[in-house]
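Shown next, in structure tokens, is the structure this report addresses.
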Amino acid sequence: MIPGILTFASAAATRAGHLAMIMLAARRLALGFASAVLMVSCDSALSGPGTTMFSSLSAGGVHTCGITAVGEAFCWGRNEEGALGDGGMSSSSSPRPVAGDDSWGRITSGADHTCGAVVGGDGYCWGRGSDGQLGDSSIFDRSRPSAVAGALTLAEVSAGGRHTCGIEQSGDAHCWGDGAEGQLGDLSFQGKFVPTAVGGGLQFGAITTGLAHSCALTADGAGYCWGRDDEGQTGTTMMRDLAEPTAIRGGLRFESVSAGGYKTCGVTLQGVLYCWGTNQFGQLGTADAIHDFWAEPLLVTDSITFASVSAGFDHVCALGTDGIAYCWGQNKNGQLGDGTFQVRRSPTAVSGGHRFRALTAGGRHTCGITTVGESWCWGDNEFGQLGVGAGQPRPEPVPVQSP
């Protein structure tokens with residue numbers, strides 16, 4: 001898969017205070033992925049010619065999904081396994097409505113599957129299901145939303161490479177799908193076709209999934225990771241696959257965390273950004289071209305105060321508190337949005353002068369929502385995942401078409 005984190009949706013209204021703050025920030029991220037979902041408040045459904053105003057966006061492997069201010073879900077890009085959820089399996093370069101008449105509260109795009117929760121918390125998944133990542137007790141692909149088993153009421157959900165994790169309103173975490181590298185966190189290295197409880201007895205406020213690892217935050221911002229750890233992506237310095245939540249080394253308290261590909265990044269409560277895991281293309285953002293990976297949190301920079309971060313497959317994007325978007329890492333497809341195709345090993349400003357409220361980094365593309373509610377994407381566009389017509393990669397932000 002090609003995960004990275006996306007921002008997560010709001011938790012139950014009853015979970016307030018510091019927990020709500022942590023979860024809100026973690027949700028500003030956006031497979032992965034991280035998969036994450038980016039949530040912003042919007043006052044209208046449309047803004048500007050040809051630009052749909054989405055209240056959330058989630059970039060997956062080679063597709064993108066979003067939710068409008070009125071709860072309508074749309075997806076676009078590659079659809080060979082049904083990841084768009086429109087009832088068919090033909091790709092689309094413009095937003096297509098997800099089948100059904102549900103009102104969606106959150107959505108998350110994985111490598112080639114998608115999950116979401118409707119208003120009220122019922123969970124659904126669609127797309128590739130060969131590893132049980134849809135959680136509906138089957139291994140079949142689904143071209144329209146299929147109910148996640150177990151009658152869970154989800155406050156959070158994150159689609160990764162070939163697995164998915166979610167958090168109930170109680171804070172209990174569950175994962176399902178491929179578990180060969182411990183990414184389900186249920187004390188085993190076996191896959192599950194239905195949600196299985198994450199071990200360790202912890203309760204979480206935010207969760208994020210990468211290619212084959214998962215991370216989560218507790219109410220006080222303590223970070224835990226589990227799953228594949230060959231590149232140090234769990235941040236535990238264990239360097240071996242972990243089948244249960246293990247504390248991230250260093251004792252930092254995070255406001256948000258995003259897992260993507262073979263790395264993870266997190267923003268502390270003070271707005272300081274750290275990354276760990278693979279550094280093949282400078283994904284750790286430290287300008288270090290010597291180390292191939294780093295197995296514990298590594299300071300990215302102390303010159304920018306960050307609000308959120310989203311880790312894609314081979315790149316990372318983060319949002320400064322001033323709304324300026326920065327990206328770094330692999331840039332072969334223009335996924336950094338700086339107008340070039342050059343690898344960047346430190347945070348580089350996205351072109352166009354836009355101020356963003358949310359960012360979501362996917363496989364080899366990135367999307368964001370501006371402070372005026374417009375949706376823009378950049379990077380790989382082979383299957384139309386930018387929402388502007390399939391074709392050549394776009395190294396600068398382009399507006400997403402209206403459905």
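The values are calculated or read from the model by the stated rules, or taken from the named source; none is laboratory data. Keep in mind it's a predicted model, so treat the numbers as computed, not measured. Every residue, glycine among them, receives a Cβ derived from its backbone with ideal geometry; neighbour counts consider all protein chains shown. To get the accessible areas, we keep the full protein, side chains included, count just its heavy atoms, and leave off ligands, DNA and RNA. Shrake-Rupley method; radii C 1.70, N 1.55, O 1.52, S 1.80 Å.
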Notebook entry, point to check: Based on what the data block shows, is Ala289 part of a strand (DSSP E or B) and over 27 Å from Trp176 (Cβ atoms)?
Noted result: no
Notebook entry, point to check: Name the pairs whose Cβ atoms lie under 8 Å apart, with the first residue in region 298-311 and among the small types (Gly, Ala, Ser), the second part of a loop (DSSP other than H, G, I, E, B) and at pLDDT 95 or above, and 6 or more positions between them or separate chains?
Noted result: Ala307/Gly271; Ala307/Thr321; Ala311/Gly210; Ala311/Gly261; Ala311/Gln283
Check: When you look at Asp102, is it farther than 19 Å from Pro195 by Cα and either outside any strand (DSSP E or B) or aromatic (Phe, Trp, Tyr) (or both), yes or no?
Finding: yes
Note to self: Residue pairs, Cβ under 7 Å, 6 or more apart or interchain, first in region 79-98 and at positive phi, second open to solvent by 40 Å² or more (accessible area, probe 1.4 Å) and of a type in the set (A, V, I, L, M, F, W, C). List them.
What the structure shows: Gly82/Met89
Note to self: Tell me whether region 154-171 contains one or more residues that are under 22 Å from Arg128 (Cβ atoms), assigned to a strand (DSSP E or B) and open to solvent by 10 Å² or more (accessible area, probe 1.4 Å).
What the structure shows: no
Checklist line | Whichever residue in region 56-93 is among the hydroxyl-bearing types (Ser, Thr, Tyr) and out of contact with any Ser or Thr (no Cβ under 8 Å at 6 or more places or on another chain) and, among such residues, is nearest to Ile369 (Cα to Cα) | finding: Ser93
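Matching residues to (1) touching a strand residue (DSSP E or B) at 6+ places or on another chain (Cβ under 7 Å); (2) aliphatic (A, V, I, L, M); (3) not in a strand (DSSP E or B):
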{"position": "Val300", "(1), (2), (3)": "yes, yes, no"}
{"position": "Ser310", "(1), (2), (3)": "yes, no, no"}
{"position": "Cys317", "(1), (2), (3)": "yes, no, no"}
{"position": "Asp322", "(1), (2), (3)": "no, no, yes"}
Check: Which members of region 172-183 meet the condition of being among the charged types (D, E, K, R) and surrounded by fewer than 23 Cβ atoms within 10 Å (Cβ to Cβ)?
Finding: Asp172, Glu181
Next item on the list: Quickly run through region 308-336 and pick out the residues that are hydrophobic (A, V, I, L, M, F, W, C) and surrounded by fewer than 24 Cβ atoms within 10 Å (Cβ to Cβ).
Entry: Ile324
Notebook entry, point to check: Within region 175-204, which residues are under 16 Å from Asp131 (Cα atoms) and in a strand (DSSP E or B)?
Noted result: Cys175, Trp176, Gly177, Lys192, Phe193, Val194, Pro195, Thr196
Checklist line | Matching residues, region 355-403, being closer than 19 Å to Asn331 by Cα, open to solvent by 10 Å² or more (accessible area, probe 1.4 Å) and of a type in the set (Gly, Ala, Ser) | finding: Ala390, Gly391
Checklist line | Checking Trp126 against (1) among the hydrophobic types (A, V, I, L, M, F, W, C); (2) over 17 Å from the mean Cα position of the chain (by Cα); (3) surrounded by 17 or more Cβ atoms within 10 Å (Cβ to Cβ), the condition it does not meet | finding: (2)
Next item on the list: Residues being part of a strand (DSSP E or B), surrounded by fewer than 19 Cβ atoms within 10 Å (Cβ to Cβ) and small (Gly, Ala, Ser): count how many of those fall in region 205-258.
Entry: 2
Notebook entry, point to check: Taking into account only those residues within region 337-354 that are within 20 Å of the chain's Cα centre (by Cα) and closer than 14 Å to Gly368 by Cα, which is surrounded by the fewest Cβ atoms within 10 Å (Cβ to Cβ)?
Noted result: Val350
Margin query: So Glu296 passes all but one of these: (1) crowded, with 21+ Cβ neighbours inside 10 Å; (2) outside any loop (DSSP other than H, G, I, E, B); (3) not hydrophobic (A, V, I, L, M, F, W, C). Which condition number does it fail?
Written below: (1)
Check: Of the residues Gly368, Gly352, Gly271, which single one is more than 21 Å from Asp230 (Cβ to Cβ) and either touching a His at 6+ places or on another chain (Cβ under 8 Å) or of a type in the set (D, E, K, R) (or both)?
Finding: Gly368
Item checked: Qualifying residue in region 184-192 (condition: open to solvent by less than 20 Å² (accessible area, probe 1.4 Å) and under 30 Å from Val62 (Cβ atoms)) -> yes
Notebook entry, point to check: Hey, among the residues in region 193-204 that are of a type in the set (A, V, I, L, M, F, W, C) and open to solvent by less than 30 Å² (accessible area, probe 1.4 Å), which one's farthest from Gly121 (Cα to Cα)?
Noted result: Val198
Next item on the list: Could you tell me which numbered condition Thr286 fails, if it satisfies all but one of (1) closer than 18 Å to Thr218 by Cβ; (2) over 21 Å from the mean Cα position of the chain (by Cα); (3) among the β-branched types (Val, Ile, Thr)?
Entry: (1)
Notebook entry, point to check: Within region 112-123, which residues are part of a loop (DSSP other than H, G, I, E, B) and open to solvent by less than 10 Å² (accessible area, probe 1.4 Å)?
Noted result: Gly121
